[in-house]
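We did not get these values from a lab; they are worked out from the coordinates using the rules stated. Being a predicted model, the structure only gives us computed values, none of them experimental. Glycine also receives a Cβ, built like all others from the backbone with ideal geometry; neighbour counts cover every protein chain displayed.
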Amino acid sequence: MLDLSPLPALFGGALIGLGALLLLWVNGRIAGVSNLLGGIVFPVRGDRAWRALFLGALVAVGALASWLSPGSVGASRPNLILLGAAGLLVGFGTRLGNGCTSGHGVCGVARLSRRSLTATAVFVATGIVTATIARWLGVGA
Amino acid sequence: MKALRNASAALAGLAFGLGLVVSGMTRPSKVLAFLDVFGDWDPTLLFVMAGAVGVYALGYRLRREKPLAADGYAVPSGGRVDARLLLGAAVFGVGWGLSGYCPGPAVVSLGSGSIGVIVFLGCVLGGMALTRLLDASVKRS
């Protein structure tokens, strides 16, 4: 079944862009979730409160969404070993590469940053290869 | 200034998180269906990116000389594409393709309290710590 939903996707995408813009216009910051996470767990200079508030708001939205519409957030059949391994790779890779889908994929691509355009092309490519192989092997989250 | 920064971060997180939920990006199955291009392909993520990048690109161009509540923009610019960026992005993509989670949707999904996402995010932090250890040992030698 083709589960295509372009209108909610465009609208949701625009909301993501607006949220990221608010952080740029008011705080002068890039809305990069991996960097925010890294900055809150491993202290960085400057105030940490805004990082915690942004991340806390994300969790609050998720809590509300899973209460209103169970199944709208999170994996349905979590494979814990696979998720643990994937988490390690995501944590290691995003710190090494200085960003993820939000910082590089949205903010960086929109700013036409060469580093972000390159990073996005690379992680989409390895993501496609990995997801394809994982399906062939019959493993998946 | 600080109160305004905190309020805007919270509001930005709400919009960003809502956008992720509305667009279906907090469901790993939907992300994996995008990455699995040779399977039952679901292009939704492309529309999400189009919406987010479109709004952010426009807003980035319209930004004022200084952020509303900060002394300047903390926006990286002009960096070089190096091996570290390429390797980091490649490793991140593998983790993303295995799980269907990138950091943003994973933090939102934490609100569901599902064990899978708790394990995933715990390991993300572990992976970030690994990068820090690696950096520290490189610096020492």
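Tabulated results
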quantity: Lys, Arg +1 and Asp, Glu -1 on Cβ, resulting dipole of chain B about Cα centre, debye, nearest 20; calculated: 600 debye
quantity: Cα gyration tensor category, rounded, prolate or oblate, for the range B:25-97 with a/c compared to 1.5; calculated: oblate
quantity: Helix A:114-137 vs. chain A, principal-axis angle (Cα, 0 to 90°, nearest 10); calculated: 20 degrees
quantity: Dipole of the protein assembly as shown [Lys/Arg +1, Asp/Glu -1 at C-beta], most positive-end residue of B:Ala69, B:Val119, B:Val21; calculated: B:Ala69
quantity: Footprinting exposure proxy for B:Tyr101, B:Tyr56 (fewest neighbouring C-beta atoms within 10 Å first); calculated: B:Tyr56, B:Tyr101
quantity: Cβ neighbours within 10 Å from other chains - mean over B:130-141; calculated: 2
quantity: Phi to ³J(HN,Hα) by Karplus 6.51 cos²θ - 1.76 cosθ + 1.60 over the range A:28-39, Hz, x for Gly, Pro; calculated: x, 10, 8, 7, x, 5, 5, 5, 5, 4, x, x
quantity: Shielding by partners - mean other protein chain Cβ count within 10 Å, residues of B:31-44; calculated: 6
quantity: Orientation-averaged projected area, Cα convex hull of chain A (nm²); calculated: 10.3 nm²
quantity: For the range B:65-79, 3J(HN,Hα) per residue [Karplus equation, 6.51 cos²θ - 1.76 cosθ + 1.60, θ = phi - 60°, Hz, x = Gly/Pro]; calculated: 4, 10, x, 4, 10, 8, 6, x, 8, 9, 10, x, 8, x, x
quantity: Inter-chain shielding of B:60-71 (mean C-beta neighbours from other protein chains, 10 Å cut-off); calculated: 4
quantity: Along each principal axis, Cα extent of the protein assembly as shown, largest first, Å; calculated: 51, 51, 32
quantity: Two-decimal log10 I(q)/I(0) for the range B:78-141, as the Debye equation yields it once each C-alpha is a single scatterer, q = 0.19 Å⁻¹; calculated: -0.84
quantity: Lys, Arg +1 and Asp, Glu -1 on Cβ, resulting dipole of the protein assembly as shown about Cα centre, debye, nearest 20; calculated: 920 debye
quantity: Cβ-placed point charges (K, R +1; D, E -1), dipole of the range A:6-137 about Cα centre in debye, nearest 20; calculated: 260 debye
quantity: Segments B:66-77, A:51-62, B:13-24 sorted - mean Cβ within 10 Å per residue, highest first; calculated: B:13-24, A:51-62, B:66-77
